[in-house]
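Participant: If you scroll down you'll find the structure; I have some questions about it.
Read-outs: derived from the displayed coordinates by stated rules, not from any lab. Computed from a predicted model, the values in this text were never measured in an experiment. Methodologically, a virtual Cβ is constructed for each residue, glycine included, from the backbone with ideal geometry; neighbour enumeration extends over all protein chains shown.
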Amino acid sequence: MKLITDSISLSTRGDADIIDITPQVSALLGKHGFTHGQALVFVSGSTAGITTIEYEPGLLKDIPAAFEKIAPKGARYHHEDTWRDGNGHSHVRAALLGCSLTVPFKDGRLLLGVWQQIVLIDFDNRPRRREVVVQMSGE
């Protein structure tokens with residue numbers, strides 16, 4: 001059994017920007033010669049999250065709209081009292097979504113559903129450079 005940690009760097013637009021990172025995660029499996037095991041996908045930072053969705057135009061609108069209802073930008077956040085950076089909603093949204101996901105793989109392929117992709121959602125109120133850590137364990 002081997003364990004390798006690698007990363008994916010990407011730029012986002014912020015404001016609930018949803019980026020499909022499935023191809024990059026899959027490429028790391030091939031790069032490091034993994035066939036069976038699991039991949040932990042983790043975003044560093046407290047204003048972005050990782051999940052799976054069907055990456056299609058309707059959901060790319062529905063997900064930001066749902067988060068706007070759950071944690072609206074214009075609401076009062078105590079975070080603003082301390083930092084005054086306008087991104088209290090970003091922290092709440094990221095905490096609700098979560099920062100990591102574990103995906104099993106077999107025969108060198110991620111075991112995702114037909115319509116399931118791994119996505120990063122950046123909730124911050126400005127463009128960001130994000131680092132996604134991918135830790136693969138297996139054979």
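Participant: For the residue pair TRP115 and LYS69, what label-to-label distance in nm results when each label sits 7 Å from Cα along the Cα-to-beta-carbon direction?
Facilitator: Placing both labels 7 Å beyond Cα along the Cβ direction yields 1.9 nm.
Participant: Three principal axis extents, largest first, for the C-alpha atoms of segment 1-89, in Å?
Facilitator: 48, 33, 20
Participant: Normalise the Cα radius of gyration of segment 29-132 by 2.2 N^0.38 Å (N = residues in it) and let me know the number.
Facilitator: After normalising by residue count via 2.2 N^0.38 Å, the value is 1.25.
Participant: Treating only the Cβ of Lys, Arg, Asp and Glu as charged (+1, +1, -1, -1), what charge dipole size does the chain show about its Cα centre? Round to the nearest 20 debye.
Facilitator: Result for the chain is approximately 140 debye, rounded to the nearest 20.
Participant: Measuring from label point to label point, each 7 Å out along Cα→Cβ, what is the ARG76 to ASP20 span in nm?
Facilitator: Inter-label distance under the simple model: 4.3 nm.
Participant: With the convex hull built on the Cα atoms of segment 49-101, state its orientation-averaged projected area in nm².
Facilitator: Orientation-averaged projected area of the Cα hull: 4.1 nm².
Participant: Would you mind giving the average projected area, over all directions, of the Cα convex hull of segment 78-139 in nm² with one decimal? Display every interim value, and only then the final one.
Facilitator: Working: hull surface 24.1 nm².
Seen from a random direction, the Cα hull of segment 78-139 projects 6.0 nm² on average.
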